[in-house]
Every structure is written in structure tokens, then in C-alpha cells.
Amino acid sequence: MKLRSIAAVAVLAFATVAAHAQVGVGLYFNPVAIRVSNSTVDTGPFAFLGPNSTSQVFYGCTFGGFYDFFHKGQISAGFDMRESDLHANNAMLKSFLVGGRVSAKPFARPIKPYAQFSFGVGTTKPPASTIHISKFDYALYGGVDYTLQKHIDFRVAEIGYGSVTTANSGDVGTGGTLHIPASNQISFSSGLVFRF
């Protein structure tokens, strides 16, 4: 948790410096839906996706920010840091991701596509347990922002694909022989981006 607090302070510090220099800094707080799926059914009492289920849609929000420190022509590059908090089936999925991003302004209209690769920590809690398990998490995102005003963009859509190993009956329960592979995540998000 201390790492997240330090990271949040770092983003705000970069945002303050960048606001004076008028470089690419953006902050967002958007609703998100993530379909989490697994090819192996967890038949135990601590099934993250629910009893005998191989998929579940989690809903929640993502908040974060990006800092584009490189600009050449219509291309910008930098990094993105985000945290997500999602719930479904009385289960919890949280992630903290940091990664590189590239964006462009290839059209005369104010449409800005972007792509990024992020990695970090995913924390999961199954429905029938109070135990939280944190594992490596990664995601690849692509999206399109549309400029509404000088400092406000509408995130038309962001689609992501990633993977995280979720808590399961083999980890939480006494049946340590149950092996559940990493779950796939497909996410969709939309909302507003505030640029400085």
C-alpha cells in the first residue's frame, strides 16, 4: 500500500510540474467492466469466479494518470499509472499497473488513438474468504480519446486484454493439489480525461 501512496504523490508532482510546462499530463476516473475467464473450473469452496463457473463480469472504476514526456510531430510517448477496483459475485479484483504508452493525432479532427502495455500487481479475494492474494498482473490497452475542450477529452472507448492469477480453492483452502492457471481479462472502459 505504501508503494501506491508514493506512486500517487509522484503522479501529482509530475502533474504540477507539467501543468506549468504545458506538456501532456492527463488524469482520469472512469467506469470499467472486465470479463474474467479461465479454462479450468474451480470446484472448491473458494472459487473466485463462482461455483463451477469459468467466467464472470466484474464492474467498478479505474482511476489514474499519464505523463507524455516525448513529443515528435503527431506522436507522443510517456507512461501511464492506474488503479482499478472491481467487484462481482461477492468477489473482489483490484489492480495497480504502470506502463508505457504511445498516442498520436493522425487526423485533422481531434481524435487521438493510443496504445499502452502495463504491468503490476493484481489482488483478488474469493467470495467465501477474507484472504487477499496478490500476483503479477499485466494488460495491453488500446483506445481513442476525442477532444471536447482545451483540457477535457472524452475517452470514446478503451479496450484491454490481460492476465492475472486469481485466488482459488487450491491457494485458499486445504486442497493444495488444485491448480488453476492465470485468468484472462478483457476490459472495456469509457469516460472523461482531464489534461493539463
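General observations
- Across the alpha-carbon atoms of the chain, the computed radius of gyration and Dmax are 18.3, 60 angstrom.
- Placing unit charges on the Cβ atoms only, positive for Lys and Arg and negative for Asp and Glu, gives the stretch 2-195 a dipole magnitude near 480 debye about its Cα centre.
- Placing a label point 7 Å from the Cα of Asn89 along the Cα-to-Cβ direction, the residues of the stretch 109-137 whose backbone N falls under 17 Å from that point are 123-133.
- Under 13 Å, Cβ to Cβ, from Thr165 - net charge with Lys/Arg +1 and Asp/Glu -1: -2
- In the stretch 2-195, Cα pairs under 8 Å separated by at least six residues give a relative contact order of 22 percent.
- Distance from the alpha carbon centroid of the stretch 112-137 to that of the stretch 55-107 works out to 12 angstrom.
- Pairs of lysines in the chain (C-alpha under 24 Å apart; 8 or more residues apart or interchain): 11
Read-outs: derived from the displayed coordinates by stated rules, not from any lab. Everything quoted here is computed from the prediction, not taken from an experiment. Cβ: placed from backbone, ideal geometry, glycine included. Neighbour counts: every protein chain shown.
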